[in-house]
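The values are calculated or read from the model by the stated rules, or taken from the named source; none is laboratory data. Because the structure is a prediction, the values reported are computed rather than measured. With ideal geometry, Cβ positions are generated from the backbone for all residues, glycine too; neighbour counts draw on all protein chains shown.
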Amino acid sequence: MSSGSTYPATLDLWTNKIDGDYLTVADINQFRSAVELLEAGPILPNVGSISAPAYSFQGDSNTGIWRSGADTIDFAVGAVRALQLITTASGVNYHLFAPSATGNAAVHQVAGSDTNIGLQLVTKGTGPHIFSRASGSTEDARISSGIVLVGTTLGTGSVAGDIVSKNTGAHRFVNFAGTSAANYGIISDVSDNLQLHVPGASDSINFHFANALYGWLQMQNSGLGLLFSESSADHAAPSANQFVMFGKDNGSGKTQVAVRFNTGAVQILTTEP
């Protein structure tokens, strides 16, 4: 503070000390002290309220920022709480919002000192997560990397990893035609060995293993066809009350359709003519 200042510790306690129509040295020191207090900070306004935020605007005094509790910042718009920011013990990660250039999506990401940081969206009660598209958009939500469900209970499902459609709704996979392992529609196994895709508009579902086609289901001539690739050896015996159907070579270059039962017995159903 300036030498000789009598200005109080906070701006809230300002009083008019001018006598008559002239300024004294003490008055000048008070004004100078006020400027220095604003420059040095911290500015300590009242906590405000939802209808009269501490930081507000002329002509719109019910819109701004206020403090509703310890370590809490609230944003009011028209005297309605629009956003609340709170803290957590030893917090090191945070949200980062960024604008975007024309033709690009705006960014909401997480940042902080951790190497790998997740983003958790928690609803209240039984409320759902809803991703809505703007009018005219062609998609509700896009996942660019993948979805991992661990220990979840969704809808009527109770097994970890269930994806459950509401009522009679179906899961729909659109445009997952693929010509290589990079764009197969459904991939299973951590090594990406088992793939499923629809090859364009051929009304079939192809099954690949290690990027090679081993079979498909195809709708043709009002009927469903099933294609098998020959197995290099007989399949292992299945569990009780099960059987395995497979194709094999008869040793003379002819394909056979075989069935193996739980007992280990193999029955040849037919041999290529």
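For the reader, a short list of remarks on this structure follows.
- One residue stands out among those in region 238-273 that are surrounded by 15 or more Cβ atoms within 10 Å (Cβ to Cβ) and basic (Lys, Arg): the one that is modelled with the highest pLDDT, which is ARG260.
- Search result, residues across region 228-254 that are part of a strand (DSSP E or B), within 20 Å of GLN218 (Cα to Cα) and out of contact with any His (no Cβ under 6 Å at 6 or more places or on another chain): PHE228, GLU230, MET245, GLY247
- The set of residues in region 229-244 that are without any contact (Cβ under 8 Å) to a residue 24 or more places away in the chain and closer than 23 Å to SER204 by Cβ comprises SER229, SER231, VAL244.
- When residues of region 100-124 are limited to those that are part of a strand (DSSP E or B) and not hydrophobic (A, V, I, L, M, F, W, C), the one farthest from THR88 (Cα to Cα): HIS108
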